[in-house]
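Please read the structure below before turning to the comments.
The values are calculated or read from the model by the stated rules, or taken from the named source; none is laboratory data. A quick note: this is a predicted structure, and the numbers were derived from the prediction, not measured. Positions of Cβ are generated from backbone atoms using ideal geometry, with glycine treated the same way; all protein chains shown enter the neighbour counts. For the accessible areas, the whole protein counts, side chains as well, though only heavy atoms, and no ligand, DNA or RNA atoms are used. Shrake-Rupley method; radii C 1.70, N 1.55, O 1.52, S 1.80 Å.
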Amino acid sequence: MMRSPALQQAETAFAQGRAEEGRDLLRQAAKDGEAVAGYSLAVALAYGQGGEVDLVGAAAQLAAIRDALPAARMFHRYALAQNWPGTGGWAAAVADLIDQAEAGDPATQRETGLLALMYRCENEALALLGTAAATGDMSAAMAVMRLGRASGQAWLNSARDRLKRSRHPLADELAKEAESGDRLAAPDRFDWNDLRTRLSGDLPKGEASILIHDLSAKLHPDVLPAAVGDHVLTSGLKALQPSTIVDDTSGQRVRDPHRQSLSMTFAPHLQDLVHVAVEGLMARMADCPPAHSERLNLLFYRPGEQYKPHVDYFAPDDAGAAREIERGGQRVATSLICLHPAERGGATQFPRFETAWAGSTGDGLSFRNVRADGEIEPLSLHQGQPVQSGWKALVSLWLRDRAA
């Protein structure tokens, strides 16, 4: 995106702690027709930078510039999907995505194809992903490779080389998967309107079984297609940083003494509908409304790294936790999905029950952090055991007892 002098002045104001002035500068630049400033203003309004959170204003701003900036259209779809005030909800977001995919845009064809996988519409998914992969879309190519349908494709050698050069942790694994199945046939025609209808409903979450009754801890086998998990992993890799916490004394972020891992949180303005659907699925795994979700987190553990015993609920006697409870309620549940298991080690263990869960790619786990009466549950103590070999990746989602 081009950065005009007005936008640069606004960025300087935000960087120097003059956030209210920065918001005003963005608003004026947006009124002057600067689409990039309008996008930055929408982000500031949505996050409460320089003033109160204003989702109505953010959605209106995005609607005004969505045809000028691809990033604005993606963020506007997020606003639709999350049903911000004055927007249309999930069905409207899906309809907009499919309109763009039907018009031939490779990125939205891939996004729609991954959503189709989540809804178990496999023929449509293969058609869309194959079409996008043939245009050079790397994420679509990875999905077709993961599905074992890339053998003999004209783009396969190039995709493998690009993956290897990027040092992607899945490069070797996907190269093997690419040769393991049947060749992808020419994409079939399908009914776009039917796909709009099918992707507008509730996601299937499959059957669950109880792991620990006292915690309502449930196993969700194969809840997320591996190709979708690969997309979530890939979209967060470059943003991974050593895990940190906020120091109670200084208020600064410091290395987390309990967790040795890399992590990142998906910002709303960078989420596509696949991320939104994964969040919604993980909320349903824990029998919680999606509106009660915190943001989706990606966790990446290398050999020797671990998450020491901890609980996910907010301790009521902690001042910082009390502020969080007042803002958005208690963390009542946790959902995890395994994106990639370690070769050895790395299981999630519940020491009070001498029970552990490792999970294969695409498997999920959900559990409660509070009791039926709303009181905190110390028995929910859990840990991520050290990875002994290989690497482990998870997505995690915390659920509150009410919307923030």
Ser139: touching a helix residue (DSSP H, G or I) at 6+ places or on another chain (Cβ under 7 Å), farther than 28 Å from Gly33 by Cα and of a type in the set (Ser, Thr, Tyr), yes or no? yes
Take region 59-114 and flag every residue that is among the acidic types (Asp, Glu), surrounded by fewer than 24 Cβ atoms within 10 Å (Cβ to Cβ) and under 24 Å from Met138 (Cβ atoms). Asp96, Asp99, Glu102, Asp105
Cβ contacts < 6 Å: first residue without any contact (Cβ under 8 Å) to a residue 40 or more places away in the chain, restricted to region 373-388; second residue small (Gly, Ala, Ser) and open to solvent by 60 Å² or more (accessible area, probe 1.4 Å), any location; separation 6+ or different chain. Result? none
So which residues in region 190-200 are under 24 Å from the mean Cα position of the chain (by Cα) and in a loop (DSSP other than H, G, I, E, B)? Leu199, Ser200
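Only one residue in Leu26, Leu62, Leu7, Leu97 is within 30 Å of Ala134 (Cα to Cα), touching a helix residue (DSSP H, G or I) at 6+ places or on another chain (Cβ under 9 Å) and either of a type in the set (A, V, I, L, M, F, W, C) or in a loop (DSSP other than H, G, I, E, B) (or both). Which one?
After ruling out the rest, the residue left standing is Leu97.
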Specify the residue that is least open to solvent (accessible area, probe 1.4 Å); the eligible residues are those in region 115-145 that are of a type outside the set (Lys, Arg) and not in a helix (DSSP H, G or I). Cys121
What number of residues in region 34-87 are of a type in the set (D, E, K, R) and in contact (Cβ under 8 Å) with a residue 12 or more places away in the chain? 3
Identity of the residue in region 65-81, assigned to a helix (DSSP H, G or I) and either farther than 19 Å from Pro290 by Cα or of a type in the set (Val, Ile, Thr) (or both), that ends up nearest to the chain's Cα centre (by Cα): Met74
Considering only region 173-184, I want to know if a residue exists there that is within 19 Å of Asp222 (Cβ to Cβ), at pLDDT 95 or above, outside any loop (DSSP other than H, G, I, E, B) and open to solvent by 40 Å² or more (accessible area, probe 1.4 Å). yes
Please verify whether region 146-154 includes one or more residues that are surrounded by fewer than 24 Cβ atoms within 10 Å (Cβ to Cβ), in contact with a His (Cβ under 7 Å, 6 or more places away or on another chain) and of a type in the set (A, V, I, L, M). no
Hits in region 345-379 - residues which are small (Gly, Ala, Ser) and more than 24 Å from the chain's Cα centre (by Cα): Gly345, Ala356, Ala372, Gly374
Note on Pro187: of the conditions (1) surrounded by fewer than 18 Cβ atoms within 10 Å (Cβ to Cβ); (2) part of a loop (DSSP other than H, G, I, E, B); (3) modelled with pLDDT of 95 or more, unmet is (3)
Go through region 317-359 residue by residue and tally those that are in contact with a strand residue (DSSP E or B) (Cβ under 7 Å, 6 or more places away or on another chain) and of a type in the set (D, E, K, R). 3
Residues that are in a loop (DSSP other than H, G, I, E, B) and either free of Cβ contacts under 8 Å to residues at least 40 places away in the same chain or open to solvent by 80 Å² or more (accessible area, probe 1.4 Å) (or both), drawn from region 202-220: Asp202, Gly206, Glu207
Need a quick list: strands (runs of 3 or more DSSP E) entirely within region 247-337 having at least 2 residues that are in contact with a Ser or Thr (Cβ under 8 Å, 6 or more places away or on another chain), hydroxyl-bearing (Ser, Thr, Tyr) and surrounded by fewer than 21 Cβ atoms within 10 Å (Cβ to Cβ). none
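Only one of Thr108, Thr87, Thr112 is at pLDDT below 95, out of contact with any strand residue (DSSP E or B) (no Cβ under 8 Å at 6 or more places or on another chain) and on the phi < 0 side of the Ramachandran plot. Can you tell me which?
Working: Thr108 fails: at pLDDT below 95; Thr112 fails: at pLDDT below 95.
Checking each option against the conditions leaves just Thr87.
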Could you say whether any residue in region 341-357 is without any contact (Cβ under 8 Å) to a residue 24 or more places away in the chain, closer than 22 Å to His213 by Cβ and assigned to a loop (DSSP other than H, G, I, E, B)? yes
